[in-house]
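Report on the structure given below.
Rule-based calculations on the coordinates, nothing more; no lab input. This structure is a prediction, so every number in the text was calculated from the model and none was measured. Neighbour counts are summed over all protein chains in view; Cβ atoms, including those assigned to glycine, are modelled from backbone coordinates with ideal geometry.
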Amino acid sequence: MSKKLYERPIIRPLHTGLMNKFGTRTEYAPMTHIEGASVAGLIEQYGSPLFVFSERQIRENIRSARRAFEARYPKVQFAWSYKTNYLNGICNIFHQEGSWAEVVSRMEYDKAKQNGVPPERIIFNGPDKTEDDLRTAIHDGAPIHIDHLDELYRLSELSAETGKRPRVAIRVNMDVGVYPMWDRFGFNYESGQAWDAINKIMTTGKMDLIGLHTHIGTYMLTPSAYGVAAYKMADLAIGIQQKYGKTIDYIDMGGGFASKNTLKGSYLRGTDVVPEISEYAEAICSALLNAGFQNNQLPALYLETGRALIDDAGYLLGTVVANKRLSDGRKATILDVGVNILFTSFWYDHKVSPAQEFGSHTEDTVLYGPLCMNIDVVRENVTLPPLNAGDHIVIHHVGAYNLTQSMQFIAMRPAAVVIDKTGNAHLLKRKETLHDLQHNEMTPEYLNTFNL
């Protein structure tokens, strides 16, 4: 029989009055397993830190989102946002569930093609498409979403040069009542820029205008804003039909739906304030259906949501390095997880769970990463039980953007695994080595020798 861990005796005062809705501590049970796989076993096999993804949760998320929209609109197509998480294994789960690909760079475009996505089902977004990128997309027949007039003019030239008609949409930005406006990308609706771009495309006759695209922001907590955007997009589509007799194939509403993460500074947790996917669906679909389209002119609805479909399926496992007291008396715990691999800790208060049993004592704690920089803070304040060096923790809701924005700063990037529906782990990406870091380096011969 193993000896129980000693805990110092404490006196807990009783306070009269109403309790905080969250109680007095943030964690009520350890998280020892993820989808049936042991946290300690995963770390022993693949190392710490470690990204872990739940295949079951990913498939459940995309199916739930698809049901929410398809119940309200007859023609719906999801496209997986590669920049959110472009591990091939993760992308292919979404493709198996029927999602196309949405990319914003040539690198992502090539990844999608290598994953087997037909080019005509790769939506090519982004403001920085080179001439070679545009030539490739035109040749492949991929839909190109035009971001600015310079791109529009270049496509017109390439159409004349190649004899092929690019399949294009324009990106539209607009005032939806949420500020600051996302007006950096695309053509503005209110000022007439969008109509200017449409008129240039239609009158030159060198391109096929097949769609309209908007993306009103990120981590959007106001579903009604999507209703405003959808109505304005429908107004453009109906105007194109009336002016040119051209029926738009699709309206792409982009993404930006919030995940259940908690934003820094938020009084309430993300699980309490973030809208359900059905609320976004209701706002968008109702606006399109009530906009005045004829039945035979109703465009398809494209969606590029990323964060809301992957965040809660991702976990980051870590290990306690040490504990210390700060000068003001606060407890500080140092983890082997830093902001170099948990970039979203800059704007989220991620939920953190101990990965082993613990007692009743808790204490407010600052969680630091291992990097030699003062901004390496995983949580500025979190209530946790005593954690000893070598103990493990689980950081929740890390599936979006952390892998794609991670960097080799001071420490190598960790491995990533996916847990299948039977509880077995499969390697998605191995842990990086010094060879990976130095693979593309070249040192001139005269710098190879020195005498210290």
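General remarks:
- Judged by the ratio a/c of the largest to the smallest principal axis of the C-alpha gyration tensor, the chain counts as prolate, that ratio being 1.5 or greater while a/b is larger than b/c.
- Subtracting the Cα-Cα distance of TYR446 and ALA300 from their residue separation scaled by 0.36 nm leaves 46.4 nm.
- The chain, relative contact order [Cα under 8 Å, separation at least 6], %: 19 percent
- Amide N proximity, region 366-403 versus ALA332 label position 7 Å along Cα-to-Cβ, cut-off under 11 Å: 366-369, 373-377
- Förster-model FRET efficiency, 30 Å R0, THR218 and SER38, C-beta, rounded to 0.05: 0.30
- Per-residue HN-Hα couplings for region 412-419 [Karplus 6.51, -1.76, 1.60; θ = phi - 60°; Hz; x = Gly/Pro]: 6, 6, x, 6, 9, 10, 10, 9
- Non-local Lys pairs in region 55-311, i.e. 8 or more apart or on different chains, that have alpha carbons under 25 Å apart: 28
- FRET efficiency, ASP110 to ARG67 (Cβ-Cβ, R0 35 Å, nearest 0.05): 0.65
- Cα gyration tensor category, rounded, prolate or oblate, for region 396-436 with a/c compared to 1.5: oblate
- Contact order normalised by residue count of region 55-311, Cα under 8 Å, 6+ apart, percent: 20 percent
- Approximating the spin labels as points 7 Å out from Cα along Cα→Cβ, the TYR153-to-ASP196 distance works out to 1.2 nm.
- Between ASN92 and GLU363, full extension at 0.36 nm per residue minus the direct alpha carbon distance yields a gain of 93.4 nm.
- About its Cα centre, the dipole of region 334-452 is roughly 360 debye, where the only charges are +1 on Lys and Arg Cβ and -1 on Asp and Glu Cβ.
- Taken about its Cα centre, the chain carries a charge dipole of about 860 debye when Lys and Arg each add +1 at the Cβ and Asp and Glu each add -1 at the Cβ.
- Dipole axis of the chain (+1 Lys, Arg; -1 Asp, Glu on Cβ), positive-most option in LEU268, PRO299, LEU437: LEU268
- Cβ-based exposure ranking for LEU309, LEU303, LEU212, LEU87, in which fewest neighbours within 10 Å come first: LEU87, LEU303, LEU212, LEU309
- Charge dipole of region 55-311 (Cα centre as origin; +1 on each Lys and Arg Cβ, -1 on each Asp and Glu Cβ, all else neutral): 400 debye, rounded to the nearest 20.
- Once the Cα atoms are used to define both axes, helix 55-70 deviates from the longest principal axis of the chain by about 40 degrees.
- Estimated at 0.36 nm per residue, the fully extended path between LYS260 and TYR179 surpasses their Cα-Cα distance by 27.0 nm.
- Between region 212-274 and region 277-344, the Cα center-to-center distance that results, in Å: 16 Å
- Residues PHE257, PHE185, arranged from fewest to most other Cβ atoms within 10 angstrom of their Cβ, appear as PHE185, PHE257.
- Whether region 82-211 is rounded, prolate or oblate, judged on the alpha carbon gyration tensor where a/c under 1.5 counts as rounded: oblate
- In the chain, the DSSP-assigned H stretches of four residues or longer account for a calculated mean residue ellipticity at 222 nm of -8500 deg cm²/dmol, using -39500 (n - 2.57) per stretch and the full residue count as denominator.
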